[in-house]
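See below for the structure under consideration.
Coordinate-derived values only; no laboratory data. Quick caveat: nothing in here was measured; it's all calculated off a predicted structure. Cβ placement follows ideal geometry from the backbone for every residue including glycine, while neighbour counts extend to all protein chains displayed.
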Amino acid sequence: MTRFIKWLLFAFLLIVPFSAEAQVINAKSCSNTDVQNALNSVAIDGSTVVVPAGSCTWTSAVTYNQSFSTTIQGQSTVTWTCPIPPVVCTFTGTDSTAISLNTGNAALTVHTAAGKYFRMTGLTITSPSTGTAAYGTMNFNGGSTAFRIDHCHFNDQVNGDRWMGIDQVQGVIDHNFFDSSNSSNIFFMQPTNRGAGQFGNEVWAQPDNFGTSKFLFVENNVFQNGTFVYDDAFGGTLVFRFNTVGQTSRVQTHGTGSGPSRGGRAAEIYGNTFYFSANPNGNINGSTFFALVDLEAGTGLVWGNTVVGFKTLVREDVVRTNNATYPQNATPTGFGFCSSSPINGVPGPSAWDGNQSGQNGYPCLDNVGRGQGDPLTGGLPNLINSTTGTIAWPHQVLSPYYVWNNVFPSIPNLSTFYWQNFDSVTVENRDYYLQLPNINESATFNGTAGIGQGTLASKPSTCTAGPGGNTPGVGWWATDQGNWNTSGSGSQGQLFVCTATNTWSPYYTPYTYPHPLAIGSGTSGAPAPPKNLAASVQ
């Protein structure tokens with residue numbers, strides 16, 4: 001028995017990293033040189049690099065190749081107030097550790113490590129009011145599944161293109177204030193899963209993983225005055241929840257076919273407030289924006305949001321069906337157009353697509369409403385379906401987009417759309433399902449089309465599955481199921497879908513909220529200081 005207990009203790013020590021004394025490193029200042037030197041000194045798991053109060057301009061890049069679990073901690077506090085409706089929020093925190101980035105591209109790059117946590121907190125980061133704009137101002141990548149950025153203030157003052165490039169890491173971005181003070185921002189962030197081939201192929205061969213931790217979570221932040229909050233691309237997977245998004249900002253899932261890369265893979269968008277302008281019937285110039293979600297690929301769930309000032313909730317456009325957005329090259333140098341006939345001199349159909357009879361190319365590669373498929377390997381012009389060894393449709397499963405329970409008021413004197421298609425290949429009640437009734441459809445839910453909601457017991461006994469009778473079909477949001485919201489009480493909702501004729505199956509329960517990495521952080525202020533640390537000064 002004694003030997004067994006000793007073996008268990010030894011196994012525990014192998015599994016759980018332990019150090020008698022973690023490490024705190026006090027950077028001499030917030031300058032790029034001193035922060036770089038402090039990061040270079042990290043030598044043990046649980047290290048905290050403390051960046052002191054001050055104002056600094058970084059003129060050269062900082063790079064951290066992570067080997068140990070690390071926290072970068074500044075002294076800024078992040079609080080805000082938002083009017084009702086929350087169109088323009090006011091930052092009320094203290095920018096104690098203020099870093100202005102004037103390095104051109106990639107002022108900060110962190111290569112995270114699998115099995116290690118990385119956290120950045122309590123910093124104020126801005127672009128200078130004059131100088132070189134940055135594409136990918138801050139880049140985070142690697143294998144960490146315990147990644148966190150929290151309680152930071154990001155302010156874009158010059159024409160930028162992408163604040164944050166975030167590749168493959170899993171974790172949470174929470175309680176930050178993102179602002180583009182002169183409305184010059186293009187993307188606040190770009191979540192990707194580029195993989196070994198750098199194109200996003202690997203994640204397109206994986207399941208959707210809805211309701212799991214296998215996403216980048218963005219929750220409880222403020223975004224305003226930017227162009228796009230995010231551009232989900234290169235197989236990106238994202239959960240965007242309980243954020244406040246103020247004027248001029250919206251979201252995008254990038255499509256396959258704008259180059260050698262794949263489109264965004266999967267997204268969950270729920271519990272957010274989106275107000276495009278102070279005038280709920282238009283933007284600051286008196287006109288509305290065309291769409292909140294610009295959707296070009298993959299699958300997703302959009303539910304429980306409040307959306308004001310947009311003509312369309314979801315605008316769908318598989319961009320390879322026409323030449324309006326991007327030109328396409330014929331195989332093998334490109335994906336070609338998803339069409340049964342030539343477009344702009346490029347032959348059709350493309351071998352990358354399903355090309356069902358009479359469907360004009362459908363299903364297109366990474367079509368809206370498609371998910372896991374055969375793995376593709378290599379890159380154009382050497383890209384192949386590794387199951388067939390040739391250029392071939394990857395047999396992607398039907399994984400419909402579901403949109404329900406959103407507050408989306410109509411706009412006087414304008415046509416308003418809950419969902420709007422800009423191609424002929426994506427079809428309602430096959431590739432996507434909408435709540436019934438909605439702003440464009442007066443029908444009530446009876447189990448034959450769309451999505452209904454109520455208690456689990458009140459759902460119809462009959463239901464219609466997808467094509468073939470054994471693919472996901474109509475949905476039912478059971479309001480008395482799914483205890484996932486640990487910050488509230490009681491059941492919070494669970495999505496059931498019809499997987500065969502008259503057969504309801506559990507499909508989606510949202511992942512634990514708040515995210516486990518953010519539990520206990522509160523909604524404002526600086527993070528608690530680390531404890532039991534051994535100090536060293538750089």
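Simple spin-label estimate for residue 483 and residue 444 gives 3.3 nm between the two label positions (7 Å along the Cα-to-Cβ direction from each Cα). Taking label points 7 Å from Cα along the Cα-to-Cβ direction, residue 470 and residue 395 give a separation of 1.3 nm.
Here's the list of aspartates and glutamates a cross-link from residue 459 could span, going by alpha-carbon distance under 15 Å and ignoring same-chain residues fewer than 8 apart: 480. Residues whose amide H lies under 5 Å from that of residue 126, counting only those 5 or more places away or on a different chain, are 99, 100, 101, 155; hydrogens are built 1.01 Å from N in the peptide plane. Helical content alone sets the calculated 222 nm signal of the chain at -1500 deg cm²/dmol, taking -39,500 (n - 2.57) per DSSP H segment of four or more residues and averaging over every residue. Among 469, 355, 50, flag the residue with its Cα farthest along the positive direction of the charge dipole of the chain, charges on Cβ as +1 for Lys/Arg and -1 for Asp/Glu. Going by the charge dipole, the pick is 50. The phi-based Karplus calculation (6.51 cos²θ - 1.76 cosθ + 1.60; θ = phi - 60°) puts the 3J(HN,Hα) values of the range 444-461 at 8, 6, 10, x, 9, 7, x, 9, x, 8, x, 5, 4, 5, 8, 5, x, 6 Hz, whole numbers, x for Gly and Pro. In sequence order, the range 319-329 has phi-based couplings of 5, 7, 8, 7, 9, 6, 9, 9, x, 10, 9 Hz under the Karplus curve 6.51 cos²θ - 1.76 cosθ + 1.60, θ = phi - 60°, and Gly or Pro positions carry x. Kindly list the residues of the range 467-510 that lie in the label zone of residue 461, defined by a backbone N under 17 Å from the point 7 Å along the Cα-to-C-beta vector. Residues 501-505 qualify, since their backbone N sits under 17 Å from the label point.
Each Lys and Arg Cβ is given +1 and each Asp and Glu Cβ -1; about its Cα centre, the chain then shows a dipole of about 760 debye. Each of 264, 425, 75 was scored by the projection of its Cα onto the charge dipole of the chain, and the greatest displacement toward the positive side belongs to 75; charges sit on the C-beta of Lys, Arg, Asp and Glu. Using the Karplus relation 6.51 cos²θ - 1.76 cosθ + 1.60 with θ = phi - 60°, the per-residue 3J(HN,Hα) values for the range 68-79 come to 10, 4, 9, 10, 9, 10, x, 10, 5, 10, 10, 9 Hz, with x marking Gly and Pro.
Taking all Cα pairs closer than 8 Å and separated by 6 or more residues, the relative contact order of the range 447-491 comes to 39 percent.
Antiparallel versus total DSSP beta bridges in the chain: what percent is that, nearest 5?
15
Pairs of Cα atoms under 8 Å, at least six residues apart: use those to get the relative contact order of the chain, whole percent. Result for the chain is 10 percent.
Extending 7 Å from Cα along the Cβ direction at residue 198 and again at residue 26 yields two label points whose distance is 4.3 nm. Remark on residue 147: its backbone amide H falls under 5 Å from those of 118, 170, 171, 172, a criterion applied only to residues 5 or more positions apart or on other chains, H modelled at 1.01 Å from N.
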